Every structure is written in structure tokens, then in C-alpha cells.
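Below: one structure, written as C-alpha cells.
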Amino acid sequence: MSAAAAIPAACGGFRPRAAEEQAEVVANAAVNAEYRHLVVSCSALAAGAAPGQFYQLLCPAPPGEAPYLRRPMSLYGADPAARRIEFLYKVAGAGTRGLATLRPGETLQMLGPLGQGFRLDPAWKQVVAVGRGAGLATLGPLAEAAQRAGIGVTAILSARRPELVLSDALFRARGATVLTVTDAEGTSGPAHVERLLRGLMAEGRCDAFFTCGSARLLRVQQSLARAFGLPGQVALEQQMACGLGMCFCCVRDFNIDGAIVQKRVCRAGPVFDMMEALP
Amino acid sequence: MTDLSVRIGGLTLANPVMPASGTFAEGLGEVIDLDRLGALVTKTITRELRAGNPLPRVAEVTGGMLNAIGIPSQGVPYLLEETLPLYRRWTPPLVVSISAPTVEGFATLAAEVSVAGVAAIEANISCPNIEEDGRAFAMRAASTEAAVRQMRAATGLPLWVKLTPNTGEIAEVARAAEAAGADALVVANTILAMAIDLQTLRPRLGNVMGGLSGPAVKPIVLRQVYQCARAVRVPIIGCGGIATAADAAEYMLAGASAVQVGTASFINCHAMVEVIEGLARFCEARGIARIAELTGALRQEEADEDDLSWVSPAP
């Protein structure tokens, strides 16, 4: 979100901080056996998203189904200059089945950007991003933001099989080191990932953790972060209805200084302090 | 230009459109200009600190959704110290929705929220998600009258009473609320409902039962507004499945003086603004000078051919 968007308009005019609009589909094609890549053309406000923020998409109805609520979808790429944003999604239910029917030129009602994204501390030199499943898409925009901030990234990307890894090319294009771990190769288990992380920490390549998409990999990073006093951020998923903090459907429990506190993922998150998250 | 203002029990609203309690928070102000609304209505608060219901709290169904949020509440101090100052930046009157487990609790809470910055109280005596088996005060005339009478004695603010659609006695309940001193009735809360997941064979809501809202409920609640409007003289605020100006116009013709838009805002943040603009166009197209003239203007005598053109859909 641009800094200007938060400043009230000079002449009392209303200035929204999230855009609700009909975006135009530019591309919507499969990238592997499970995921599709959606690119839409939208307003500058909608395209001005930070990594980790999300959008609410009003998915068109696929044949024989009628999704009613909008679906939250994390940002995969934003280009404010070209006024474009990108999503990576897996066809899993009525909403994403509807999304898959969209063709270039068609419109998609969309609200965003929403929520709190990842924060990069300029003091960090090297960070680690650990993702699996939808987390591979959610972590993607970190690659460019870190490069712009002069922060090096090692991405550990986990999937069932090598051909299902996503975002590896994106991270490499932004100068990141990519380590892929897969179930098929027997490298994705928490013990092996912990060994990889300990190796990176020993080399001074982990000033902070960024993670999304795996509860057991979150636990590994939490225990390492606790043991070595390192910070971390996690992007969490939750079923949502409104996406704006109105309905209180997306609450999760967090550990805040030993007390269990409920927070709305859509407002307080979706990116949270990794140490507060309860996997 | 049509005069869009309406009178709701001592309060004048710039227009008849406001959010339904539970579907609105300040976050909507990041997307639409809240100063355009007729009123703002808070999520229900209780004196007790409540965590809310187990997840999942929402389930999508045909034509709408089920919810069993369970009124998470941070209590009265939070309302006074955090919520009310937050809403000072907007001009529409602020309506505070309250709920309590007992008649006495309703009265105490009504007194506690009767402070500067609160324009009216909406008494949620109809939430299906906080009492066992979906029970609520508004299911019976006697319990409605008891709760409203005590609140009436406890506050000088306009008192709106939100009724439940989960009763066969809605006209009697409406009369009881009016007799006990309600300034307006909100008709209605959600319809008690449930859904089952056929993969897991589990209920689709953590609370098992919840409230149905969205377009699916509109014809039912519209009928209840009609029944209540025939039973009482206090203004009625229609609430149930309103997503468009046409929906709102139907509610006003059935007897509502104002409307609340809830679930529709979840999929279209501009729904309330579109309802306001559409109602204005509807009135202008028919030469109606004051929107208040729509209230109860349902025609029930036999129509001849010329009359039918008047009731064609809104542009």
C-alpha cells in the first residue's frame, strides 16, 4: 500500500485504502498438474500491494455450482506500474473451479489489497523463506521485495514431487538461493529441513524466518528461532467471509506472552509474528 | 431530488440504509465512505467477555450463508474506550447493539451504553447462537415484553428491538415490544438453520446450528415485516437478504421505514451505497418526493392494466 493512500484527502473527499473493482483477466493458465496462474489488470490502488497481503475474489459460478462468498487469495505478484497483479491457485472447490473458467478479457470482481503483509527489517542481511503448498505462492512476492531491500534470500521450497514445486524460478530470478525438498525424494521431513536450516544459520544466512503453508515446518522454525533468538514471520490461512474484520469468522488462537488470544487473520494478519502462532 | 431522510423513533436519518449488526466494522470504512450511510450499527456487545463459538463459524449454502459466530465480546470498557472514540470520525448516528443472558442484564447494559456518542440502542434479543438450542427472548411475547420493559426503564436513548424470525408469533412479539416501550423494531435476525458435510458426516458449523442469511431469506423476512407493520405503529427496520435497491424497495412497500444490509456487504462492499443510489432513482423515476412515502405503500386492491406499469422493476 502506498504511503499516500493512508493520508486523508485534502478537500474532504473519500479515499479508499482497498479497491473493490472489476479487474480484467489477462491470463489464466495451468502451471503444473495442480496450480493455475491468474494475471489481472486492475487499478493502481489494487496493484499497490505488499508481499503477504491478500485479496477477496468473487469467483464466477462454475457449471452446476454457485459459490456465494468471496474467496481470500494471497498475492503472488504485484506490478503497480503496469497495474497488474498475479495469483497462483489450486483448483480445490467451487470457488477455484469457477476461477479456472475465467478467460482473458473477462472480468473478476475483486477487493484488495487487504491485511498486514510481511515486514522486512533493513538491518537484515540474509533471510530464509520456507514454504509448502499454497505457501509457495504466498512467499513468492518476498523475493522481489527482499532484492529491492538488498536482503539475500534462501528459499526452501517443499512439495510432494519435484514437478509440483512453485516459485523456484521466481526466487532464482531475484537472486535467491533455492533449495527444493520433496516427499518423493525423502527430503521434505522436518528433521531434514531442520538440518538445512541449521546449516544456513551456521553460515550466517538466517537473520529471520519467513514461512507459510506447513504446520510442521513452522514448528521446526519456531524451535530454532526460540533456541537462537531469531525473529520470524508466518502467513496463516483461515476460512474467511468478509475479509475486512467484520464477521469474526477467521479467528485463530495465538500465544501472546503465555496467554491464549484470539485474533482475526484478515485484520491482524494474515502475516503474524511466528512465535505467536499456534500450529 | 427525492428527500431520502426518514424518522426512526425520534431519530432522523439522512437516508434509510444502514448496516446490519454483526456484518459491519470500521474496516468497511477503508473501502466505502461511511458518511454516506443513514446510520452505523455496531456488532453486538455483551457485558460478559465472550470468546465466541468454535470454528467453523461460517458455512456457505445455496443463496447465502450460515453463521454461528457466537458474539465474541470484549465488554463495556472496550466499547467506551476503544469503539466509541473510533467512530467519532464519522457523522451518521451510531447505534450500539447489545445482548445479555437475562432481562436484568439487558437493563444494566442498556444503562451502561447510554453515553454521549451513542444515538440509539439496538437490543439483540434474538441471536440464535448464544443460547442453548437456538432459543432467544424474542421467540415469545412475554419474554420480549419483560426484556424491553426493563431496558426502557434503564435508558432514555431510542430503543430499537431486533426480533427473531424463529417464531410463529411474530405479530404478538412485535406488539409486546411496542407495548413495553420499543421505539422501533428491527425485523429480523437470522433464521435458525444447519448444514452437514457429506465428506466428513459432521455439521458444517462448529456450533452445529446457526443463522441463515443472504438472498435465500428475503421472501420469508419480507413477509414478517409485512405482518409486523400491520401489528404495530412504531417504525420497522427491515433486515433480511437485502442486496439491491429493488430488495430495499420491496421491504419499504411491505412496511419498513428503513433497511439494514448485512451479508450482501461481504461480497459487495458497495452494496449499501448502491441501495441508497438505487432507491433515489426508484423514487425519482416515479415522482416520489419523499422516500418515506414508500413505507407501507403496498397496493392490495385489484390492479387494472395501467397500474401494473407502475410496479415494473426498478431501472
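Here is how the numbers come out for the structure above:
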| item | result |
| --- | --- |
| Relative contact order %, chain A, counting alpha carbon pairs below 8 Å whose residues are six or more apart | 17 percent |
| Within 10 Å of each Cβ in A:13-24, the average number of Cβ atoms from other chains | 3 |
| Nearest-ten-degree value, helix B:271-285 long axis tilted from longest Cα axis of chain B | 20 degrees |
| Candidates per GluC sites (Glu not before Pro) in the stretch B:232-302, loop by DSSP, up to 16 other Cβ within 10 Å | B:Glu301, B:Glu302 |
| Translational D in µm²/s for the stretch A:18-114 (Stokes-Einstein at 10 °C, 1.306 mPa s, Kirkwood Rh from C-alpha pairs) | 122 µm²/s |
| Among A:14-23, A:46-55, the order from most to least packed when residues are scored by Cβ within 10 Å on average | A:46-55, A:14-23 |
| Dipole magnitude of the protein assembly as shown, debye to nearest 20 (Cβ charges: Lys/Arg +1, Asp/Glu -1, about Cα centre) | 1520 debye |
| The stretch B:209-244 and the stretch A:196-223: distance between their alpha carbon centers, rounded to Å | 53 Å |
| Using alpha-carbon coordinates, inclination of helix A:190-202 to the longest axis of chain A, degrees | 80 degrees |
| Chain B, relative contact order [Cα under 8 Å, separation at least 6], % | 19 percent |
| Local net charge near B:Ile8, Cβ-Cβ under 12 Å (Lys/Arg +1, Asp/Glu -1) | -1 |
| Summed residue charge, Cβ within 14 Å of A:Ala149's Cβ, Lys/Arg positive, Asp/Glu negative | +1 |
| On Cα atoms only, tilt of A:215-228 relative to the major axis of chain A in degrees | 50 degrees |
| Residue exposure sequence - B:Ile291, B:Ile32 - by fewest surrounding Cβ within 10 Å | B:Ile32, B:Ile291 |
| Long-range HN-HN contacts of A:Val127 with modeled amide H, under 5 Å | A:Gly152, A:Val153, A:Thr154, A:Asp207 |
| Peptide-level mean, for B:57-70, of C-beta atoms on other protein chains within 10 Å | 4 |
| For the stretch B:144-247, the fraction of alpha-carbon pairs in successive 5 Å shells from zero, as % | 2, 13, 20, 18, 16, 13, 9, 5, 3, 1, 0 |
| Quarter of the Cα convex hull surface for chain B, i.e. its orientation-mean projected area (nm²) | 16.2 nm² |
| Rg(Cα) / (2.2 N^0.38 Å) computed for the stretch B:1-109, rounded to two decimals | 1.21 |
| Average beta carbon contacts from partner chains per residue of B:263-273, 10 Å cutoff | 5 |
| Relative contact order of the stretch B:157-220, defined on C-alpha pairs under 8 angstrom at six or more residues apart (%) | 30 percent |
| Neighbour cut-off at most 15 other Cβ (10 Å), DSSP loop, trypsin sites (Lys or Arg not before Pro), the stretch B:194-260 | B:Arg233 |
| Reduced Cα scattering model of the stretch B:168-315, Debye log10 I(q)/I(0), q = 0.11, 0.21 Å⁻¹ | -0.49, -1.30 |
| Cα convex hull of the protein assembly as shown, projected area averaged across orientations, nm² | 28.8 nm² |
| Equivalent-ellipsoid semi-axes of the stretch A:156-201, from the Cα gyration tensor, Å, largest first | 18, 16, 5 |
| Cα-based reach from B:Lys43 at 21 Å (exclusive), listing lysines while leaving out same-chain residues under 8 positions away | A:Lys263, B:Lys162 |
| Stokes-Einstein translational diffusion, the stretch B:84-166 - Kirkwood Rh over all Cα pairs, 1.306 mPa s, 10 °C, in µm²/s | 121 µm²/s |
| Fluctuation leader among B:Gly38, B:Gly296, B:Gly63 - chain B, Gaussian network, Cα springs under 10 angstrom | B:Gly63 |
| Loop GluC sites (Glu not before Pro), the stretch B:41-143, which have at most 16 other Cβ atoms in a 10 Å radius of their Cβ (DSSP) | B:Glu48, B:Glu131 |
| In order through the stretch B:93-107: 3J(HN,Hα) via Karplus (6.51 cos²θ - 1.76 cosθ + 1.60), integer Hz, x for Gly, Pro | x, 9, 9, 9, 8, 10, 8, 7, x, 9, 4, 5, x, 4, 5 |
| Hull volume in cubic angstrom per residue (convex hull over the Cα atoms of chain A) | 143 Å³ |
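Read-outs: derived from the displayed coordinates by stated rules, not from any lab. All of these numbers come straight from a predicted model, not from anything done at the bench. FYI the Cβ positions are ideal-geometry reconstructions off the backbone, even for glycines, and counts take in every protein chain you see.
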